[in-house]
Amino acid sequence: MYAFLTGPMLWVALLVFFGGLAARVVWYVRGLSWQLDRVAYGPHLAHGLKGGIHSALKWMLPFGTQSWREQPYFAVAFFLFHIGAVLVPLFLAGHNIILAERFGFSLPVLPMGIADALTVAAIIGLVMIALRRIALTEVRILTTAYDWFILAVSAAPFVTGFVARLHVGNYDAWLLAHIITGELLLIVAPFTKLSHIVLFFMSRGQLGMDYAIKRGGYSRGAAFPW
Amino acid sequence: MPEGTFCNRRPVNTEEDLKSLLGDKGGAQYYKEMAELEVDVEALKATLQKTLQSRTKTWLEICAHCGMCADSCFLYRVNDRDPKQVPAYKIQSTLGEIVRKKGEVDTAFMMRTMEVAWSQCTCCNRCGMYCPHGIDMGVMFSYLRGLLFSQGFVPWELKIGSGMHRVYGAQMDVTTEDWVETCEWMAEEQQEEWPGLEIPVDKEDADTMYVLNAREPKHYPEDLAEAAILFHLAGENWTVPSEGWEQTSLTMFAGDWAGCKMQVERVYAAVDKLRPKRVVGTECGHAHRATVIEGPYWAGLPSGQTPVPFLHYVEWVSEALTTGKLKIDPEKRIKEPVTLQDSCNYVRNHGLAKHTRIIMSYIAEDFHEMAPNREHNYCCGGGGGFNGIGRYRHQRNVALKTKRDQILATGCKLVVAPCHNCWDAIRDLEEEYEIGIRWSFLKPLLISMVIVPEHLKPQEEDE
């Protein structure tokens, strides 16, 4: 079971994840239309990209935008979760052992203590996000079962992985649960809102280009005051 | 598939139809017919198929339902934080629903959607600035308005507005003759006080062509006279076109995209014909949006740029002040505390905040910013056509409270509002809430404080 899940199934999960997300990017860019979007992407590409990159970077910086600053609770929750969500899967020692075994290469590895801290932070972030979803009327009205599904799919690999790491209960069962939920996340990502893993950059980039090219970028400069 | 006499899927294209629609006071029959108007599902599907592309699809799909947009929306804040006013909810429950149902929606749904599209969003685009994914719900609401217009679900006044542009090439029934006569009349009236003042119509190869808002010639032609005086004092080589002088676009508020194209092409045709070096538009936000920001796209110009540089009036004034073409008498600057309204259409959406600040630094001694301001400023409360729709007057009056409170917080009694819609909204909020403020366009303020060069003074002035 373990061998299958970290062997052929891992291949499938990674292929679906990277292939699917790449397809989403290609589909997004091909679906941009200067006439329908009313943004002249082509003739102003360099200037536009400056605005697009600035737009993404500003939002990836904790408290980098007015919106983050005005909502500190959500900003903290968001970054606690997302920093761990990006760093831990990529740079966890355990993951890189499998990478080295299966694919013959590995990435730099996080010290165990830091990986633990990031994991705990990510779980705290997710709990904060879930509480906010329940507590605030303006979020509750938007919330659907689908949102809870996405939250659960995102939380499961962290929780199961951390329980396994602590060696509480049946280690092998928790490890299997961790691998299965992790691969589930990889597989559903391109087909769900989790596609924002790449589409965040597309959408943020597009609005940044929109402001840089058409909505004042030549008067105020490519960088919009997000 | 019944269509009404007044409420139907056809835009108004003839004077006769326009007059009969105008005759239906307040749209009484129009809205009755709307309740019976069937949705042409096939046409709606086909439009979605053609025009709903990856940007909008992605916006609708990846919205994380985080609600960060809630507080960015002045209509949410001013309506007791009603969760139904959360921008993401408003767009998901209207456009999102149409897309999910692939156009299979009914009349009652479309009427509700019309209400949301025109009374719960002014297309100010502020929410897009506060969304982590960069989802611009103002842009989507504008798209939704287009779908609604094509199906006949548009507020009565905006159906008329679109018809005005289609029939008269202006948002009001001002014909070419009316317009040219107004120019002559205003020039004559001013000539005694301002010898040599002209309003040159259709002068070719001028440095500057001036375009404006039909309300000016129709209801307060002195605004045109003031523009002429300031051009005269600045020594500007300018002209107005006899056709293509109207810069506004109620067609944009209505979502009448074909009408938008017709409207802006009239202005660009005047540029082609008269070959000015550049164009200056009046103190109007949406006119600038329609002609300068969106216009090139409606006209199909791949550069996304106007055929020649188009300046908003505030850009022209800031240039005239910094280059010394207009000089301000230091004694006559505004002494009292004064604040400034940032128009969404040319500040958030065209980056002109610095120009109005330059102007304020020349004309005011005690300038106070509203909070928030510049790109982050709130809509006046009447944008996107909201001011003009009788059916939503109550909602509009509630919306005005945001600007009322922003102005009150500055402590100023005078508001500079270089935008027609903002100006109207501020006038209406004073009427509604009586907070004891005054408001003004730039032109009359400038005329009251500009230094008149010796050679332009009337001869008999020495006394």
Entirely in segment A:1-61, the helices (runs of 4 or more DSSP H) that have 3 or more residues that are modelled with pLDDT of 95 or more: A:8-30, A:34-37, A:45-60
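Is there a residue being free of Cβ contacts under 8 Å to residues at least 24 places away in the same chain, within 14 Å of chain A (Cβ to nearest Cβ) and not in a loop (DSSP other than H, G, I, E, B) anywhere in segment B:369-380? Steps first, answer last, please.
Within segment B:369-380, the subset free of Cβ contacts under 8 Å to residues at least 24 places away in the same chain is B:372.
Checking the rest, the ones that are also within 14 Å of chain A (Cβ to nearest Cβ) come to B:372.
Filter once more, so that each one left must be not in a loop (DSSP other than H, G, I, E, B): none.
No, there is no match, as no residue in segment B:369-380 is free of Cβ contacts under 8 Å to residues at least 24 places away in the same chain, within 14 Å of chain A (Cβ to nearest Cβ) and not in a loop (DSSP other than H, G, I, E, B).
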Got a number for residues in segment B:262-311 being within 14 Å of chain A (Cβ to nearest Cβ), crowded, with 20+ Cβ neighbours inside 10 Å, free of Cβ contacts under 8 Å to residues at least 60 places away in the same chain and not in a strand (DSSP E or B)? 11
Criterion violated by A:Ser55 - all others in (1) in contact with a Phe, Trp or Tyr (Cβ under 8 Å, 6 or more places away or on another chain); (2) under 19 Å from A:Gly125 (Cα atoms) satisfied: (2)
Would you pick out the residues in segment A:154-203 that are under 23 Å from A:Trp11 (Cβ atoms) and among the β-branched types (Val, Ile, Thr)? A:Thr160, A:Ile179, A:Ile180, A:Thr181, A:Ile187, A:Val188, A:Thr192, A:Ile197, A:Val198
Kindly establish whether A:Ala85 is over 24 Å from A:Leu199 (Cα atoms), under 18 Å from the mean Cα position of the chain (by Cα) and either touching a residue at least 60 places away in the same chain (Cβ under 8 Å) or surrounded by 15 or more Cβ atoms within 10 Å (Cβ to Cβ) (or both). no
Expected single match for within 13 Å of chain B (Cβ to nearest Cβ), surrounded by 16 or more Cβ atoms within 10 Å (Cβ to Cβ) and free of Cβ contacts under 8 Å to residues at least 12 places away in the same chain among A:Gln66, A:Gln35, A:Gln71 is A:Gln71
Of the residues in segment B:55-71 that are at the interface with another protein chain (Cβ under 7 Å from one of its Cβ atoms), within 28 Å of the chain's Cα centre (by Cα) and without any contact (Cβ under 8 Å) to a residue 60 or more places away in the chain, the one that is nearest to A:Asp210 (Cα to Cα) is B:Arg55
Residue list for segment B:211-258, filter: among the charged types (D, E, K, R) and assigned to a loop (DSSP other than H, G, I, E, B): B:Glu236, B:Glu243, B:Asp256
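Please work out if B:Arg333 is of a type in the set (Lys, Arg) and buried (at least 24 other Cβ atoms within 10 Å of the Cβ).
Working: of a type in the set (Lys, Arg): yes; buried (at least 24 other Cβ atoms within 10 Å of the Cβ): no.
When the stated conditions are applied, B:Arg333 does not pass them.
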Among the candidates B:Gly96, B:Gly134, which residue alone is surrounded by fewer than 20 Cβ atoms within 10 Å (Cβ to Cβ) and either assigned by TED's automatic domain parsing to the domain that holds B:Tyr346 or under 30 Å from A:Lys58 (Cβ atoms) (or both)? B:Gly96
Is one or more of the residues making up segment B:414-431 in contact with a Leu (Cβ under 8 Å, 6 or more places away or on another chain), surrounded by fewer than 21 Cβ atoms within 10 Å (Cβ to Cβ) and not polar (S, T, N, Q)? yes
Can you pull out every residue in segment B:165-182 that is in a helix (DSSP H, G or I) and surrounded by fewer than 24 Cβ atoms within 10 Å (Cβ to Cβ)? B:Arg166, B:Val167, B:Tyr168, B:Thr176, B:Glu177, B:Asp178, B:Val180, B:Glu181, B:Thr182
Condition check: more than 21 Å from A:Ala122 (Cβ to Cβ), more than 10 Å from chain B (Cβ to nearest Cβ) and buried (at least 22 other Cβ atoms within 10 Å of the Cβ). Does A:Ala173 satisfy that? no
In this structure, does B:Thr122 turn out to be crowded, with 23+ Cβ neighbours inside 10 Å and at pLDDT 95 or above? yes
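Results for (1) within 7 Å of another protein chain (Cβ to nearest Cβ); (2) out of contact with any helix residue (DSSP H, G or I) (no Cβ under 6 Å at 6 or more places or on another chain); (3) touching a residue at least 24 places away in the same chain (Cβ under 8 Å), shown as yes or no for each residue.
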site: A:Leu184; (1), (2), (3): no, yes, yes
site: A:Ala189; (1), (2), (3): no, no, yes
site: A:Lys193; (1), (2), (3): yes, no, yes
site: A:Val198; (1), (2), (3): no, no, yes
site: A:Arg204; (1), (2), (3): yes, no, yes
site: A:Met209; (1), (2), (3): no, no, yes
site: A:Ala212; (1), (2), (3): no, no, yes
site: A:Arg215; (1), (2), (3): yes, yes, no
site: A:Arg220; (1), (2), (3): yes, yes, no
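The values are calculated or read from the model by the stated rules, or taken from the named source; none is laboratory data. All figures in this text were calculated on a predicted structure; none of them were measured in a lab. Heads up, the Cβs are rebuilt from the backbone with ideal geometry, glycines too, and the neighbour counts pull from every protein chain shown.
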